Amino acid sequence: MNISTDPWVWIAAILTLAIFSFLYKENPLYRFAEHLYVGIANGYAITFYWHRVLVPSFFDRVGAASTPIATKIWLIVIAVIGALYFTRFIPKVSWLVRIPIAIVLGYACGASIPRAIDAEIIRQAKATIITRASFAHWQTGLWAVIILLGVIATISYFFFSSERKGVLKPLSYAGIIFIMIGFGASFGYTVMARISLFIGRLQFLLGDWLGLIK
Amino acid sequence: MGRATLYVPGLSSMADVATIASLNILGEVAKKTAQFGTPLIVPTSDPIVYTVAREVVKESYTAAGRPDAFHQDIVFFVTDQQFAFAAAVDGIMTREKPATNFLIGMFWAESLILAETGAATGAIQIAGTDAIAQLPFFITACDYTLIGEELYAASAYISREPVLLGAIKAQDYAKALITIIIVAFSLIALGLNLPVLKWL
Amino acid sequence: MEKENILIRLQRIDRRWIYLVLWLVVMIPLIFPFKIQPQPTPSVEKLFNYIDTMPENKALAISVDFTPDTRAELQPMVVALLRHAFATQHRVGILTVQVYGLGLAEEAIRQVTAEFNANANTRADSVIYGEDYVFWGWTTPVLTVMLGMGERITNVFPIDYYGNRTETLPIMQHIKNYDDIGILVTIAASAIPRSWINYAQTQFGVNLSCGITAVSAADFYPYVNSGQFIGMLAGMKGAAEYEQLVRERMVKNGMEWVLRNRGTEAMSSQTAAHLAIMAFIVIGNIAFFATRRKRK
Amino acid sequence: MQRRIPLIIVLLTGIFGAVAFFVPYPAIRNADEIMRNDVQRIITAFSLVLGVGSIVQHHLLKIRRKAQFWPYSYITIVALVITAIIGVFGGIDVTRPGVLPTRVGNFSFHIQTIYSNMMVPLAATMFSLLAFFMSSAAYRAFRARNLEATLLLLAAFILMLGAVPLGRFIHHRLPAFAEWILAVPNTASKRGILFGVELGIFATSLKIILGIERGWLGGGGK
């Protein structure tokens, strides 16, 4: 055993145990830790929004003598629009907050449409189509056929406009089988993920704090 | 008749489509509980969802001809803290032992705690969410689960809102088109050996 | 009668007993590990081989797009990727599109550069900031980063994490935009890798791969299958496999150092815990069906 | 006006965002770069006000109303203010300290130190509680109650065994089989779901730009 003498490791260990105490019972220590977390996380974000965005992209440029005056005015106009976010907390003019939101939201939606169709729909459809090249090896060919059938079956399960009869009935039934296998895969992987997170905390408690792991 | 129905409309805000879909379904469930005189419990974790949910339930009780049966305690606000909310609903489940639990809307990690306690109290559980990471848990812990888009479809058919129904139709056409392209191009590629992938 | 009582009691057991079992099942193998080595899966090997054989003038970009909550699963990937790039003498650029990912990237960089510089004898062996690697840091919003890096990285990140003007760094003469990046690996716990595909790859054709939490790994297989991602690291197991490949590569390059591999270290506990969870499900189901049949 | 102006802006910026992808004309390219590097970046930086402001407002309200557990709200506010002061005035790079010293003797309270030793353990531990919730749900709730759930659990078991090194001792093909499940049937079903999700996102984006979907206007006022 080789217990850490670093005061910060002790602070981290105590905070870790404070959160774990929730497993026994909801308690003041847990509530303390939870509220502390929200505060620190926001303080951290403020730090970097200030130092790494507002200062270099706005204040440094507006303050620099080399920046043309037109650019300075332009930057200040943008900053004023950004500052409209503050109106959210002033009831009388709070609708003005919609202006900066509209600029960010509109651009993001517009930029996403053509690119998402290309990347998510066309590329994915292309990968599903079987060609003679898919049969370079009989196995890869067979897997490609299964994927094609699985994709169609899954789509038909989420087809709501008409009743599930005729060809749709067996297809959507096959679809639910594919969906369940897919969810089973997610389930197994999720178990792995959750356990990993706990292992990570024990690696800290047993290793970095108590020095029990070599 | 005696045991209550619990309806949790998720933990998210009105900004989530799943929440809106859930409130549409809540309206229909409330009509049924009003008709049969079953007690209804609707805990919420967002102040705006709380206000909307109360209106929805009130309307349903009036529509079912039982405005007298509606009272202020049916829909209530618990807390906006994720695990505190889960703990509170947990308490309701173990105390009231509802016959049916509806967990419909947007859920995160608390889905496990809710579904687990509900299963342990022996309630019939009906879940629905578009949070894909939570779906496998709901499927194994609940009796019926609306998977992703099924939730929207259910809500559209229940509410009969033309805008929602239209959206479902349009997306169905798009899906049919994708299917046709995949199948047709595969057949052309296999049969005629044409470079179909270059056409897309 | 006796048997039924046990089964009913088994179903009503307090959850805290189960918590205790899990705690022990994970803790004991961490202190007393049994020897098991993960075998690399095809998707992990694919990414490793790609980086391993990348031309020397192409840089590796790592985007640390996760937050502290999933550190256990994903931080080992960042560490392993950095070791791999330094061991094969590729230039590295590190960034994040998540403000809370900054500190994690900083931790990984500090750790790995210290490892290499502690074992270095010559300039060629050591890793130097601004020449061999650069930490661009973070800026917002996501679109500014993903689209802007296709044109000029120094415009997206006018100053780096430490506050240097990026144009003054020698390494930036060699990494101007995506054209100089051999592969960009996004390590994330959310849908961010899909944004990288949509914006960076669709428009600029940059090669991508991802390291991802196991929770969403199954959802990303369609992109590996379509070739939009070159391989993928899934969860702590993916990290452990990559650690093994990097360790072999380093030994081959004569770097026989003793380094901590947190992913590999965890595999004994992971195995034990999987068995425990499966046992929980099986026992729970037996009790459930036995009592249900009785009730009927 | 309170609705029309934002809707017009959304329409214009939306069209611009899409057009910039199709038109490689230098003037458009430059305009797009200014849009991203200046407009989007500076405005988004201010959006932090929304997040931080709501949290502070929420907790001040709790304190004023003496709501349940209100004294804890002081912890959030004090932690937020102190962390922000240390970060903003103490500087980011240790070798280039800011106006505020971040070290007393041997004890450092630099922003990165606070991040590594307070924020990381708090966040990581909070998330690791899920391992426990899941294990107890595994015992008490995950039932093979019908064919679908049985299939799901079966696939999950194969994956959980295949995912750990133990799998290959049970059967040497087991890890490969788990990988096949992921690469073939899983890929098929996830891709099918993906098409639906993507069409939904596409429809929503289009509806926002065209002003049919107006939920976001709820961001403030009536």
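Numerical summary
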| quantity | calculated |
| --- | --- |
| All Cα pairs of region D:79-125, percent lying beyond 17 Å | 31 |
| Tensor-based shape of chain C (alpha-carbon gyration tensor, a/c under 1.5 rounded, otherwise prolate or oblate) | prolate |
| Gaussian network model of chain C, Cα within-10 Å springs - most flexible of C:GLN11, C:GLN89, C:GLN111 | C:GLN11 |
| Debye equation applied to the C-alpha atoms of chain D, log10 I(q)/I(0) at 0.09, 0.12 Å⁻¹ | -0.85, -1.20 |
| Rounded Å value of the spacing that divides the Cα centres of region A:142-214 and region D:31-78 | 36 |
| Dipole of region D:1-97, positive direction: furthest Cα of D:VAL88, D:ILE42, D:LEU7, with charges on the beta-carbon | D:LEU7 |
| Highest to lowest packing among A:166-173, C:231-238, D:87-94, scored as the average C-beta count within 10 Å | C:231-238, D:87-94, A:166-173 |
| Bins of 5 Å, starting at 0 and running to the largest distance - Cα pair percent for region D:1-69 | 3, 13, 13, 15, 15, 11, 9, 7, 6, 4, 3, 1 |
| Low-density loop cleavage sites - chymotrypsin sites (Phe, Trp or Tyr not before Pro) in region A:1-77, where at most 13 other Cβ are within 10 Å (DSSP) | A:TYR24 |
| Per-pair calculated FRET efficiency, R0 = 60 Å: B:PHE36 and D:LEU12 via Cβ, rounded to 0.05 | 0.70 |
| Solution diffusion estimate, µm²/s, Stokes-Einstein, the protein assembly as shown, Kirkwood Rh from C-alpha pairs, 25 °C, viscosity 0.890 mPa s | 84 |
| 11 Å cut-off, amide nitrogen to a point 7 angstrom out along B:PHE76 Cα→Cβ, residues in region B:1-44 | B:41-44 |
| Distance in nm between pseudo-label sites at C:THR53 and D:ILE34 (7 Å out along the Cβ direction from Cα) | 4.7 |
| Inter-probe distance in nm under a simple model that places probes 7 Å from Cα toward Cβ, at A:MET1 and B:THR51 | 5.7 |
| Distant-in-sequence amide H partners of D:ARG103 (H built 1.01 Å from N, under 5 Å) | D:PHE109 |
| Cα-Cα over 27 Å, subset of B:LYS97/D:LYS66; B:LYS169/D:LYS190; C:LYS237/D:LYS190 | B:LYS97/D:LYS66 |
| Residue among D:GLN112, D:GLN40, D:GLN68 with the largest mean-square fluctuation in a Gaussian network model of chain D, springs linking Cα atoms under 10 Å | D:GLN68 |
| Leading residue at positive end of dipole, the protein assembly as shown (Cβ point charges), from C:ALA118, A:PHE198, D:SER108 | A:PHE198 |
| 3J(HN,Hα) from dihedral phi, region B:107-117, Karplus parametrisation 6.51/-1.76/1.60, rounded to Hz, x for glycine, proline | 10, 10, 4, 5, 3, 4, 5, 5, 5, 5, 5 |
| Hull volume in cubic angstrom per residue (convex hull over the Cα atoms of region A:129-214) | 162 |
| Label zone at A:SER162, where the point sits 7 Å out along the Cα-to-Cβ direction: region B:151-170 residues whose backbone N lies under 13 Å | none |
| Integer Hz, Karplus 6.51/-1.76/1.60 couplings in order for region C:126-142, x for Gly and Pro | 8, 10, 10, 5, x, 10, 9, 8, 9, 10, 5, x, 9, 8, 9, x, 3 |
| Summed side-chain charge close to D:ASN186 - residues other than D:ASN186 whose Cβ falls under 14 Å, Lys, Arg +1, Asp, Glu -1 | 0 |
| Calculated FRET efficiency for the pair D:ARG168/A:PHE32, C-beta based, R₀ 41 Å, to 0.05 | 0.35 |
| For D:64-72, mean number of other protein chain Cβ atoms within 10 Å | 2 |
| GNM top mover of A:ARG201, A:ARG132, A:ARG61 - chain A, alpha-carbon springs below 10 Å | A:ARG132 |
| Average other protein chain Cβ within 10 Å of Cβ, residues B:79-92 | 2 |
| Fewest-first ranking of C:LYS58, A:LYS92, using other Cβ atoms within 10 Å as the exposure measure | A:LYS92, C:LYS58 |
| Order of C:MET146, D:MET1 under a 10 Å beta carbon neighbour criterion, fewest first | D:MET1, C:MET146 |
| Region D:104-208: projected area of the alpha-carbon convex hull, averaged over directions, in nm² | 13.4 |
| Neighbourhood charge, 12 Å Cβ-Cβ cut-off, centred on C:ASP179 and excluding it, Lys, Arg +1 and Asp, Glu -1 | +1 |
| Label-reachable residues, region C:207-223, where backbone N falls under 17 Å from a point 7 Å from C:GLU45's Cα toward its Cβ | none |
| Average partner coverage of D:4-17, which counts Cβ from other chains inside 10 Å | 6 |
| At R0 = 45 Å, FRET efficiency that the Cβ-Cβ distance of A:TRP74 and D:VAL78 yields, to 0.05 | 0.70 |
| Farthest positive-ward along region A:67-128 dipole, Cα basis, beta-carbon charges - from A:ALA108, A:ALA125, A:ILE76 | A:ILE76 |
| Per DSSP, loop trypsin sites (Lys or Arg not before Pro) in region D:26-67 with at most 14 further Cβ within 10 Å | D:LYS66 |
| Whole-number D in µm²/s for region B:5-160 (Stokes-Einstein; Kirkwood sum over Cα pairs; 10 °C, 1.306 mPa s) | 105 |
| Segment C:THR168-C:ALA279, extension gain: residue separation times 0.36 nm, minus the distance between their alpha carbons | 34.1 nm |
| Phi-based couplings in Hz for region D:77-86 (Karplus 6.51, -1.76, 1.60; Gly and Pro marked x) | 5, 5, 4, 4, 5, 4, 4, 5, 5, 4 |
| Projected label distance in nm at A:ILE11 and B:SER13, using a 7 Å step from Cα toward the beta-carbon | 3.2 |
| Full-extension gain in nm, B:LEU165 to B:ILE124, via 0.36 nm per residue minus C-alpha separation | 11.9 nm |
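Read-outs throughout are calculated quantities, based only on the coordinates presented, and are distinct from any laboratory measurement. This structure is a prediction, so every number in the text was calculated from the model and none was measured. Note that we place each Cβ from the backbone using ideal geometry, even for glycine, and neighbour counts take in every protein chain shown.
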